[in-house]
Amino acid sequence: MIVSPSLLASDFLNLGAECKMLNESEADWFHLDIMDGSFVPNISYGLPVVEQIRKATMKICDVHLMIEAPDRYIEAFRKAGADILTVHIEACRHLHRTIQEIKKMGMIAGVALNPHTPVQLLQDILQDIDLVLIMTVNPGFGGQKFIPHTLNKVKMLRQRIDQLGLDVKIEVDGGVTLENAQALADAGADILVAGSSIFNAPDPSAAIASFKKISRQST
Ligand code: DX5
Ligand code: ZN
């Protein structure tokens, strides 16, 4: 599994130390949550913080935009250091164009789906994207409880991707714990995002190592 710790749950007063801990850990990616107070009822952090984190790591910066009309900021996030840019299907009027722009800027293109958004809506974009982020809580806050129904969405999407023979990765985000991660892997998730279950653990680096030990047992 690819493990992408969400820095939303990190200690912002000690961001340098948190980055160092992640750099020395088995974490694959840094998951950076951008919220605008409009698409989601919360505001997190923005471009200057992403820029500083970029300077502090060689690992992949996995930027999750929870903002309205994200096409306005594609270039800015590329310049700030994003390697992966994920936009919400619910926030894009011209998703195909937005995806093309993200790719043109040299980034990996992801599309995120809220818990109520059916995976079938990806039908005519799946062949153009690199990853799908399935929200397993309602976006906006860390530390929420996993919504069980979303597991079926991961299964359905995995089947569809395999049927079409596409190389699209599935990322899950929200309420991911060491208790439900195995089920998510078995359902077809490739990337686990985890905030509170890593940063609130007594030993975050050990928690990351435990997530890394999970592998798909059945399909
Ligand atoms: C929620 C964010 C998540 C969040 C996950 O809107 O997209 O990335 O940080 O936090 P946990 O793992 O605590 O649910
Ligand atoms: Zn996220």
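The values are calculated or read from the model by the stated rules, or taken from the named source; none is laboratory data. Remember, it's a predicted structure, so these values are computed and weren't measured experimentally. Neighbour counts are summed over all protein chains in view; Cβ atoms, including those assigned to glycine, are modelled from backbone coordinates with ideal geometry. Calculation scope for accessible area: heavy atoms of the full protein, side chains included, ligands and nucleic acids excluded. Shrake-Rupley method; radii C 1.70, N 1.55, O 1.52, S 1.80 Å.
A few comments on the model shown:
- Residue among LYS104, LYS59 that alone is among the charged types (D, E, K, R), closer than 30 Å to ASN23 by Cα and without any contact (Cβ under 8 Å) to a residue 12 or more places away in the chain: LYS104
- CYS92 vs. criteria more than 17 Å from VAL172 (Cβ to Cβ), at pLDDT 95 or above, buried (at least 17 other Cβ atoms within 10 Å of the Cβ) and in contact with a Gly (Cβ under 8 Å, 6 or more places away or on another chain): no
Per-residue answers, yes or no, for (1) open to solvent by less than 10 Å² (accessible area, probe 1.4 Å); (2) within 17 Å of the chain's Cα centre (by Cα); (3) among the acidic types (Asp, Glu):
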| residue | (1), (2), (3) |
| --- | --- |
| ILE2 | no, yes, no |
| LEU22 | yes, yes, no |
| ILE60 | no, yes, no |
| TYR73 | no, no, no |
| ASP83 | no, yes, yes |
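- Residue selected from segment 158-177 under the condition surrounded by 16 or more Cβ atoms within 10 Å (Cβ to Cβ) and more than 16 Å from ligand 2 (Cβ to nearest atom), by the criterion farthest from ASP28 (Cα to Cα): ARG160
- Taking the criterion of being closer than 23 Å to LEU32 by Cβ and outside any helix (DSSP H, G or I), the residues of segment 181-193 that qualify are ALA189, ASP190, ILE191, LEU192, VAL193.
One line per residue, one yes/no per condition, for (1) within 16 Å of ligand 2 (Cβ to nearest atom); (2) surrounded by fewer than 16 Cβ atoms within 10 Å (Cβ to Cβ); (3) of a type in the set (A, V, I, L, M); (4) without any contact (Cβ under 8 Å) to a residue 60 or more places away in the chain:
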| position | (1), (2), (3), (4) |
| --- | --- |
| SER6 | yes, no, no, no |
| GLY16 | no, yes, no, yes |
| PHE30 | yes, no, no, yes |
| GLY46 | yes, no, no, yes |
| VAL63 | yes, no, yes, yes |
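- Residue check, LYS155 touching a Gly at 6+ places or on another chain (Cβ under 7 Å), within 16 Å of ligand 2 (Cβ to nearest atom) and among the basic types (Lys, Arg): no
- Boolean, GLY175 is in contact with a Leu (Cβ under 8 Å, 6 or more places away or on another chain), more than 23 Å from ILE102 (Cα to Cα), near ligand 1 (Cβ under 10 Å from one of its atoms) and small (Gly, Ala, Ser): no
- Odd one out for PRO148, checked against (1) within 16 Å of ligand 1 (Cβ to nearest atom); (2) assigned to a helix (DSSP H, G or I); (3) farther than 15 Å from SER4 by Cβ: (2)
- Residue match in segment 123-140 (condition: open to solvent by 10 Å² or more (accessible area, probe 1.4 Å), modelled with pLDDT of 95 or more and small (Gly, Ala, Ser)): no
- For THR219, the conditions (1) among the β-branched types (Val, Ile, Thr); (2) modelled with pLDDT under 95; (3) closer than 20 Å to LYS145 by Cα are fulfilled apart from (3).
- Count of segment 1-18 residues which are out of contact with any strand residue (DSSP E or B) (no Cβ under 7 Å at 6 or more places or on another chain) and more than 19 Å from SER210 (Cα to Cα): 7
- Within the option set ALA187, ALA194, ALA181, being buried (at least 21 other Cβ atoms within 10 Å of the Cβ), of a type outside the set (Val, Ile, Thr) and under 23 Å from TYR45 (Cα atoms) holds for one residue only, ALA194.
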